[in-house]
Amino acid sequence: REEEERLRNKIRADHEKALEEAKEKLKKSRDEIQAEIQTEKNKVVQELKKKDSKPLPPVPLPNLIGINSGEPADPDIREKRNKIKEMMKHAWDNYRQYGWGHNELKPIARKGHSTNIFGNSQMGATIVDALDTLYIMGLHDEFREGQEWIDKNLDFSVNSEVSVFEVNIRFIGGLLAAYYLSGQEVFKIKAVQLAGKLLPAFNTPTGIPWAMVNLKSGVGRNWGWASAGSSILAEFGTLHMEFVHLSYLTGDPVYYNKVMHIRKLLQKMDRPNGLYPNYLNPRTGRWGQHHTSVGGLGDSFYEYLLKAWLMSDKMDTEARKMYDDAIEAIEKHLIRKSNGGLTFIGEWKNGHLERKMGHLTCFAGGMFALGADGSRDDKAGHYLQLGAEIAHTCHESYDRTTLKLGPEAFKFDGGVEAVAVRQNEKYYILRPEVIETYWYMWRFTHDPKYRQWGWEATQAIDKYCRVSGGFSGVKDVYSSSPTYDDVQQSFFLAETLKYLYLLFSNDDLLPLDNWVFNTEAHPLPVLHLANTTLSGNPAYR
Ligand code: DMJ
């Protein structure tokens, strides 16, 4: 009897569930239902492909040059480098004490901190992001502590919705760099596990991934704020380096195929004025709002085109061509000189140039310098000069503040030059981009002013952002009594302190002929792919 009753209840519940699901389906628009069907189809195709694809033969580890030392002979430079190492130790020790295992640290409240990009789970973002900086600084005990935590605690089978881009650049990039530097298998294993969890994000009608994915269910979606349900150029366009390395290390072409599919799709699309809009709808494959930026929402897409070429030992000429085309359009439409003679990169919004530059955009100085060699029509001198001009402008944006730290965005309009106008653009959150550009310019020119500017920034960070519980961002760089935002960003350890340290090291530490830095400053070795095929792409043959 009881059994019968149980069965009856189960049947009733199943029916109700099916009815609810049917009702939900009916609420959806035709487009949405079609998109879902297409997504399902794609999933099946992917599964079939997976079964068909034969694993590639294992490849030898690339030659890992310059992973230790870089000790400068000049005692003054050595002292500065030691100071930066001490700052790293202060940031790490406090995170270790008050935020261990959390994603980031609140240095004033002295507790853990997180944001929605990391989902709702404690994934130790600061540990993963900091590992390679600890390694090159010779902080080996700290490195080992981090490794132990990752080995025992870093678990991706969690019901947590994360940003595909952020997890890729910070976690996969961080783990891969830690693997290459230390040779410890655990980092490679974790990187591959995590990458597997990101793959469902690509199950969209176009293969352009969702911005977010739930690590457990694999369900993806886009940010609510993005134009017309779009995915973001700088997000789906900043996966290439890490995914190529994943295919290289595992022999599984699935990662490589995903990013090459994105590239091919972008290549086929019309671009207004030759510019890539920041928004692309993953259901329809159409551009969203025509907004182009070399700062937030666009930035690292351009960076990864150039770096795909460098990382392939300059074999991936398709990527280089896309970079050259994009940069030419950017120079034509977005780069201008202010009345005061400062070169800036504005933003294109629906046919109009906004004369505003973001702190994020300042990375482009380094990118232009890095791309100078090998540029079309042999314009190396021109691009190095452009890099120097952007570095100068960004330095001015620091120098024209009270704290000598740069604002989040600054204008070149109505008599204003390199200064933030709106209150909500006056903050500095320990970002690396300006220092990143100083470092690239230093490597390519050895002009001492870049070390001098880097040292100014170091002192300002130490004076205004250092608190007893770590380092914090500040809310207003024009105020002599700034308030803190109480966040020690993980990229401060991954990038800002690493680029500073490299700026005061010899060039034989992570030489640029052998290493390419991902957008979170995680160094990945150049791959000599001449004898390896990642998926039959002629660029790699
Ligand atoms: C970092 O996560 C990366 O550099 C990214 O490309 C842009 N934003 C932050 C640093 O500002």
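The values are calculated or read from the model by the stated rules, or taken from the named source; none is laboratory data. Model, not experiment: these values are computed from the prediction. When we count neighbours, we look across all protein chains shown, and the Cβ atoms used for this are built from the backbone with ideal geometry, even at glycine.
A few remarks follow.
- Answer from Ala372, Ala409 - the residue that is surrounded by 16 or more Cβ atoms within 10 Å (Cβ to Cβ), farther than 16 Å from Gly295 by Cβ, under 23 Å from the mean Cα position of the chain (by Cα) and in the same structural domain as Gly473 (by the TED database): Ala372
- Leu403 meets all of the listed conditions (1) part of a loop (DSSP other than H, G, I, E, B); (2) in contact with a Gly (Cβ under 6 Å, 6 or more places away or on another chain) but one, namely (2).
- Selection over the range 349-378 of residues that are more than 16 Å from the ligand (Cβ to nearest atom) and either out of contact with any helix residue (DSSP H, G or I) (no Cβ under 8 Å at 6 or more places or on another chain) or under 22 Å from Asn339 (Cβ atoms) (or both) gives a count of 10.
- In the range 203-315, counting only helices (runs of 4 or more DSSP H) that sit wholly within it, the ones holding 2 or more residues that are over 24 Å from Phe187 (Cα atoms) span 233-236, 254-268, 299-311.
- Checking Trp149 against (1) closer than 30 Å to Asp508 by Cα; (2) assigned to a helix (DSSP H, G or I), the condition it does not meet: (1)
- For the range 194-204, taking the residues that are of a type outside the set (D, E, K, R) and out of contact with any Asp or Glu (no Cβ under 9 Å at 6 or more places or on another chain), the one that is nearest to Leu64 (Cα to Cα) is identified as Leu194.
- Test result for Leu497, within 16 Å of the ligand (Cβ to nearest atom), touching a Phe, Trp or Tyr at 6+ places or on another chain (Cβ under 7 Å) and assigned by the TED database to the domain that holds Thr115: no
- Single unsatisfied condition, His392 versus (1) over 27 Å from Gly340 (Cβ atoms); (2) more than 16 Å from the ligand (Cβ to nearest atom): (1)
One line per residue, one yes/no per condition, for (1) among the aliphatic types (A, V, I, L, M); (2) modelled with pLDDT of 95 or more:
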{"residue": "Ser293", "(1), (2)": "no, yes"}
{"residue": "Met315", "(1), (2)": "yes, yes"}
{"residue": "Asp324", "(1), (2)": "no, yes"}
{"residue": "Asn350", "(1), (2)": "no, no"}
{"residue": "Gly366", "(1), (2)": "no, yes"}
{"residue": "Lys379", "(1), (2)": "no, yes"}
{"residue": "His382", "(1), (2)": "no, yes"}
{"residue": "Gly387", "(1), (2)": "no, yes"}
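- Among (1) closer than 24 Å to Thr204 by Cβ; (2) surrounded by fewer than 23 Cβ atoms within 10 Å (Cβ to Cβ); (3) touching a residue at least 40 places away in the same chain (Cβ under 8 Å) - the single one Glu328 does not satisfy: (1)
- Of all residues in the range 202-225, one or more are within 16 Å of the ligand (Cβ to nearest atom) and out of contact with any helix residue (DSSP H, G or I) (no Cβ under 8 Å at 6 or more places or on another chain).
- The range 350-367, residues that are touching a residue at least 60 places away in the same chain (Cβ under 8 Å) and of a type outside the set (Gly, Ala, Ser): Asn350, Met357, His359, Leu360, Thr361, Cys362, Phe363, Met367
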